[in-house]
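*Asks:* What follows is a structure written as structure tokens; I'll ask about it next.
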Amino acid sequence: MNESAAGLWKETSKTEIAATIVLSDVLKPFQSPLEECYECGVELLTLPCNKQNADLQILAPYLKRTLNDLRAIWNLLLIGYTSQAGSIAAATFEHALIASSLLGHPDRVNKLTSQKYGDSPWSIKDLCKFQAIQAKEESIILGKVMTDMEFEIYWQRIYAAYKWLCKIKHPTLPSAAHDAGSTSLADGKYVVMALPDIRPNNNPVKYTIIVITVSRLHHLLRNLALRMDLDNKNDRVKRWQNILNKITPETVAAYESSTNHELPFTVYDSNLFALINNLI
């Protein structure tokens, strides 16, 4: 074996190009809903609406960040850097969650903007519970009152998705050990170097990262649209809403079309276990 690593940086670029050929086919079922999610996000703030919301000014940067992240996640998955895509997805989750939590709540906006360094004054659990509160309020309007148990399950399911992404983002042994397998050798050892992960047993991780990201962005776009009170008689708005309504069914169909759903690591702790399969 050559003891020098000289030239591997350039050679790795070749493996990334080769990985894209393989993974483009693997990820193809998810391409349409991801494109639609991105384009709906870009177009939303330009649509005719019946309300001028001051809080949109502070939410717009968060929305833009999630759209940047979405592109980065897709590109990283395509070249086989799954863990790096998952790390970005955890940040995307946070940005989408806080933006959705601020909608229609000037008190929360004031609390955020009054922070000395602009950091969020809420924990992720707090933000997940804000989403559950919103869902409970909507359930009352729809005449289907959410029980206390349903409330707990709702916010914990959102939090479970975030916890799973954090398994990737943070130095957890199960995620790191699985990641090391991308450079495994026949004798059970592995090479300590960067290399695209094109293993079939890594595909469920890729799929789940996409499902979580699309689910959170779709939720944000839906909430933004409701807050803006879009002009439902406008043709552009009708087209936009039709596309938005396709995103979740298409994502579910793409996930269900895959033959392997077994995740190499999941979310367990003394208080929480949630199946990633039930996120959408």
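*Asks:* If a residue must be assigned to a helix (DSSP H, G or I) and either over 21 Å from the mean Cα position of the chain (by Cα) or modelled with pLDDT of 90 or more (or both), how many such residues does the stretch 249-280 contain? Break it down stepwise before answering.
*Replies:* To start, the set of residues in the stretch 249-280 that are assigned to a helix (DSSP H, G or I) comprises 249-257, 276-278.
Pick out the ones that are also either over 21 Å from the mean Cα position of the chain (by Cα) or modelled with pLDDT of 90 or more (or both) and you get 249-257.
Count: 9.
*Asks:* Can you tell me how many residues in the stretch 221-248 are closer than 14 Å to Pro29 by Cα and more than 16 Å from the chain's Cα centre (by Cα)? Can you show your working first?
*Replies:* We begin by selecting, within the stretch 221-248, every residue closer than 14 Å to Pro29 by Cα; these are 246-248.
If we keep only those that are more than 16 Å from the chain's Cα centre (by Cα) as well, we get 246.
Number satisfying all stated conditions: 1.
*Asks:* Scan the stretch 158-174 for residues that are in contact with a helix residue (DSSP H, G or I) (Cβ under 7 Å, 6 or more places away or on another chain) and either buried (at least 23 other Cβ atoms within 10 Å of the Cβ) or closer than 19 Å to Ser123 by Cβ (or both) and report the count.
*Replies:* Start the filter on the stretch 158-174 by keeping residues that are in contact with a helix residue (DSSP H, G or I) (Cβ under 7 Å, 6 or more places away or on another chain), which leaves 158-159, 161-162, 164-169, 174.
Filter once more, so that each one left must be either buried (at least 23 other Cβ atoms within 10 Å of the Cβ) or closer than 19 Å to Ser123 by Cβ (or both): 158-159, 161-162, 164-169.
The total comes to 10.
*Asks:* With the requirement that a residue be open to solvent by 20 Å² or more (accessible area, probe 1.4 Å), assigned to a helix (DSSP H, G or I) and either in contact (Cβ under 8 Å) with a residue 60 or more places away in the chain or more than 27 Å from Ser114 (Cβ to Cβ) (or both), what does the stretch 42-66 give you?
*Replies:* Scanning the stretch 42-66 gives Val42, Glu43, Leu56.
*Asks:* Give the number of residues within the stretch 183-234 that are in a loop (DSSP other than H, G, I, E, B) and among the polar types (S, T, N, Q). Walk me through it before giving the result.
*Replies:* Taking the stretch 183-234 first, the residues in a loop (DSSP other than H, G, I, E, B) are 185-189, 191-199, 229, 231-234.
When the remaining residues are screened for being among the polar types (S, T, N, Q), the result is 232, 234.
Residues meeting the conditions: 2.
*Asks:* Quick one: in the stretch 123-132, which of the residues that are open to solvent by 20 Å² or more (accessible area, probe 1.4 Å) and not acidic (Asp, Glu) is nearest to Asn53 (Cα to Cα)?
*Replies:* We begin by selecting, within the stretch 123-132, every residue open to solvent by 20 Å² or more (accessible area, probe 1.4 Å); these are 123-126, 129-130.
Narrowing further to those that are not acidic (Asp, Glu): 123-125, 129-130.
Numbers: Ser123: 25, Ile124: 25, Lys125: 26, Lys129: 23, Phe130: 20 Å.
The selected residue is Phe130.
*Asks:* Take the conditions open to solvent by less than 70 Å² (accessible area, probe 1.4 Å), assigned to a helix (DSSP H, G or I), of a type in the set (Phe, Trp, Tyr) and closer than 30 Å to Glu16 by Cα and apply them to Trp74. Does it pass? I'd like the intermediate steps shown before the answer.
*Replies:* Working: open to solvent by less than 70 Å² (accessible area, probe 1.4 Å): yes; assigned to a helix (DSSP H, G or I): yes; of a type in the set (Phe, Trp, Tyr): yes; closer than 30 Å to Glu16 by Cα: yes.
Yes.
*Asks:* In addition: In the stretch 125-142, is there at least one residue being part of a loop (DSSP other than H, G, I, E, B) and either touching a strand residue (DSSP E or B) at 6+ places or on another chain (Cβ under 6 Å) or of a type in the set (Gly, Ala, Ser) (or both)?
*Replies:* Going through the stretch 125-142, the residues part of a loop (DSSP other than H, G, I, E, B) turn out to be 142.
Add one more test, that the residue is either touching a strand residue (DSSP E or B) at 6+ places or on another chain (Cβ under 6 Å) or of a type in the set (Gly, Ala, Ser) (or both), and what stays is none.
No: zero hits.
*Asks:* Can we say Ala135 is modelled with pLDDT under 95, over 30 Å from Leu8 (Cβ atoms), open to solvent by less than 40 Å² (accessible area, probe 1.4 Å) and out of contact with any Ser or Thr (no Cβ under 8 Å at 6 or more places or on another chain)? Step through it out loud before you land on a result.
*Replies:* Details: modelled with pLDDT under 95: yes; over 30 Å from Leu8 (Cβ atoms): yes; open to solvent by less than 40 Å² (accessible area, probe 1.4 Å): yes; out of contact with any Ser or Thr (no Cβ under 8 Å at 6 or more places or on another chain): yes.
For Ala135, the condition - modelled with pLDDT under 95, over 30 Å from Leu8 (Cβ atoms), open to solvent by less than 40 Å² (accessible area, probe 1.4 Å) and out of contact with any Ser or Thr (no Cβ under 8 Å at 6 or more places or on another chain) - is met.
*Asks:* When you go through (1) out of contact with any Lys or Arg (no Cβ under 8 Å at 6 or more places or on another chain); (2) not in a helix (DSSP H, G or I) one by one for Gly104, which number turns out not to apply?
*Replies:* (1)
*Asks:* Where the second residue is acidic (Asp, Glu) and modelled with pLDDT of 95 or more and the first is closer than 21 Å to Met193 by Cα and lies in the stretch 69-95, which pairs have Cβ atoms under 7 Å and are six or more apart or on separate chains?
*Replies:* Once the first residue is closer than 21 Å to Met193 by Cα and sits in the stretch 69-95, its partners that are acidic (Asp, Glu) and modelled with pLDDT of 95 or more give Ile79/Glu16; Gly80/Glu16; Gly80/Asp197; Thr82/Asp197; Ile88/Asp69.
*Asks:* Sticking with this structure for a sec: Consider the stretch 1-41. How many of its residues are out of contact with any helix residue (DSSP H, G or I) (no Cβ under 7 Å at 6 or more places or on another chain), open to solvent by 70 Å² or more (accessible area, probe 1.4 Å) and not aliphatic (A, V, I, L, M)?
*Replies:* 11
*Asks:* Are any residues in the stretch 111-122 farther than 16 Å from Ala96 by Cβ and either surrounded by 10 or more Cβ atoms within 10 Å (Cβ to Cβ) or hydroxyl-bearing (Ser, Thr, Tyr) (or both), and if so, which ones?
*Replies:* Filtering the stretch 111-122 for residues farther than 16 Å from Ala96 by Cβ gives 111, 113-119, 121.
Scanning the stretch 111-122 gives Lys111, Thr113, Ser114, Gln115, Tyr117, Pro121.
*Asks:* Could you pull out the residue among Gly86, Gly80 that is buried (at least 21 other Cβ atoms within 10 Å of the Cβ) and not in a helix (DSSP H, G or I)? Talk me through it step by step, then tell me what you get.
*Replies:* On the way: Gly86 fails: not in a helix (DSSP H, G or I).
Criteria check complete, one pass: Gly80.
*Asks:* Could I ask something else about it? List, please: which pairs have Cβ atoms under 8 Å, are six or more places apart or on different chains, and start with a residue in the stretch 116-143 that is touching a residue at least 60 places away in the same chain (Cβ under 8 Å) and end with one that is open to solvent by 40 Å² or more (accessible area, probe 1.4 Å)?
*Replies:* Within 8 Å, the pairs are Gln131/Tyr154.
*Asks:* Are any residues in the stretch 89-110 open to solvent by less than 10 Å² (accessible area, probe 1.4 Å) and small (Gly, Ala, Ser), and if so, which ones?
*Replies:* Ala89, Ala90, Ala96, Ala99, Ser100, Ser101
The values are calculated or read from the model by the stated rules, or taken from the named source; none is laboratory data. Not measured: the values here are computed from a predicted model. Note: ideal-geometry Cβ built from the backbone for every residue, glycine included; neighbour counts use all protein chains shown. When the accessible area is computed, the model is the full protein with side chains, heavy atoms only, and any ligands, DNA or RNA have been set aside. Shrake-Rupley method; radii C 1.70, N 1.55, O 1.52, S 1.80 Å.
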